[in-house]
1. Under the condition of being away from the ligand (no atom under 12 Å from the Cβ), without any contact (Cβ under 8 Å) to a residue 40 or more places away in the chain and part of a strand (DSSP E or B), which residue from the range 101-149 is surrounded by the fewest Cβ atoms within 10 Å (Cβ to Cβ)?
2. For the structure I just gave you, tell me whether A33 is within 17 Å of the chain's Cα centre (by Cα) and aliphatic (A, V, I, L, M).
3. Of the residues A28, A17, A10, A2, which single one is away from the ligand (no atom under 15 Å from the Cβ) and closer than 16 Å to V88 by Cβ?
4. May I ask you to list the residues in the range 77-88 that are more than 6 Å from the ligand (Cβ to nearest atom) and β-branched (V, I, T)?
5. Kindly indicate the residue of the range 89-100 that is surrounded by 23 or more Cβ atoms within 10 Å (Cβ to Cβ) and among the hydrophobic types (A, V, I, L, M, F, W, C) and also farthest from the ligand (Cβ to nearest atom) among those meeting that condition.
6. Residue pairs, Cβ under 7 Å, 6 or more apart or interchain, first in the range 24-43 and free of Cβ contacts under 8 Å to residues at least 60 places away in the same chain, second near the ligand (Cβ under 10 Å from one of its atoms) and part of a helix (DSSP H, G or I). List them.
7. Across the range 59-75, which residue is nearest to S25 (Cα to Cα) among those that are over 14 Å from the mean Cα position of the chain (by Cα) and touching a residue at least 24 places away in the same chain (Cβ under 8 Å)?
8. Inside the range 31-54, can you point out the residues that are loosely packed, with under 13 Cβ neighbours inside 10 Å and either of a type in the set (S, T, Y) or within 12 Å of the ligand (Cβ to nearest atom) (or both)?
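The values are calculated or read from the model by the stated rules, or taken from the named source; none is laboratory data. Only a predicted model underlies this, so the values are computations on that prediction, with no experimental measurement involved. As a convention, Cβ positions derive from the backbone with ideal geometry for all residues, glycine included, and neighbour counts pool all protein chains shown.
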Amino acid sequence: MARGLSLRPATPGDRPALWRIHSRSVEALCEGAYSPREIQTWVELLRPEGYLRPEQPRTVLVAERGRHLVGFGQLDAFLGELEALYVVPEEAGCGVGSVLLASLEELAWRAGARGMSLDASLNAERFYQARGYVRLHAARRILTSEVQLACVRMRKQRPVPPLRLGERRGDSFTSPRPEP
Ligand SMILES: CC(C)(COP(=O)(O)OP(=O)(O)OC[C@H]1O[C@@H](n2cnc3c(N)ncnc32)[C@H](O)[C@@H]1OP(=O)(O)O)[C@@H](O)C(=O)NCCC(=O)NCCS
């Protein structure tokens, strides 16, 4: 894990911090990929109460460095959908996003997801590609009737676990039971 970084599940008390991280990350890190109007609309739609909504159960992990929250990621583990991954601008490129992503993937695999899908912001496509995600097609995230964000639909298959010594792929499912 990146030095000095720890992860934990988000709690309702984190809502204001999640909102601040999300807004600052979009404003500073998505700037080159989207127009000022798109960024402004995106940020204006964010609300502290929009995170950890009780009627919408999600896995949300926060990354802390010391006592500071420096990033978060949100996963629908049931669908295998990564819904958010945001890092504060001053920590970009320091490994926070990679650590969060790896942990959320692990949780998705453990929940039985066969793959992880996401709509990548244009600025983040290379980040996901370098971590095993493949581009499926161009997509759009509708913000308002007038503003839609171009993004990229991507997917990563769950890695096949390594075979143990003497085991053949499919053995556990296809071998006939020994006769009594
Ligand atoms: C994309 C993002 C989550 C990556 O997190 P991170 O902590 O900066 O990433 P890491 O330090 O673990 O890895 C750095 C990698 O991200 C890439 N990267 C993407 N945007 C970057 C940025 N603004 N600054 C530095 N690196 C960036 C680097 O090219 C590097 O790739 P490499 O390791 O394959 O060479 C983060 O930059 C971010 O929050 N971006 C804005 C929000 C966003 O677009 N989120 C994705 C929504 S789908």
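1. Going through the qualifying residues, I end up with H137.
2. On the way: within 17 Å of the chain's Cα centre (by Cα): no; aliphatic (A, V, I, L, M): yes.
No: the conditions fail for A33.
3. Working: A28 fails: away from the ligand (no atom under 15 Å from the Cβ); A17 fails: away from the ligand (no atom under 15 Å from the Cβ); A2 fails: away from the ligand (no atom under 15 Å from the Cβ).
Among A28, A17, A10, A2, only A10 is away from the ligand (no atom under 15 Å from the Cβ) and closer than 16 Å to V88 by Cβ.
4. In the first step, residues of the range 77-88 are kept if they are more than 6 Å from the ligand (Cβ to nearest atom); the result is 77-84, 88.
Of everything in the range 77-88, just one residue is more than 6 Å from the ligand (Cβ to nearest atom) and β-branched (V, I, T), namely V88.
5. Taking the range 89-100 as the starting set, the residues that turn out to be surrounded by 23 or more Cβ atoms within 10 Å (Cβ to Cβ) are 96-97, 100.
Adding the requirement that they be among the hydrophobic types (A, V, I, L, M, F, W, C) leaves 96, 100.
Working: V96: 4, L100: 8 Å.
Per the stated criteria, the residue is L100.
6. Sorted first by the residue in the range 24-43, then by its partner, the pairs are I39/V26; I39/E27; V43/V26; V43/E27.
7. Looking at the filtered set, the residue picked out is V70.
8. Let us first name the residues in the range 31-54 that are loosely packed, with under 13 Cβ neighbours inside 10 Å, namely 32, 35-37, 44-45, 47, 49, 53-54.
Scanning the range 31-54 gives G32, S35.
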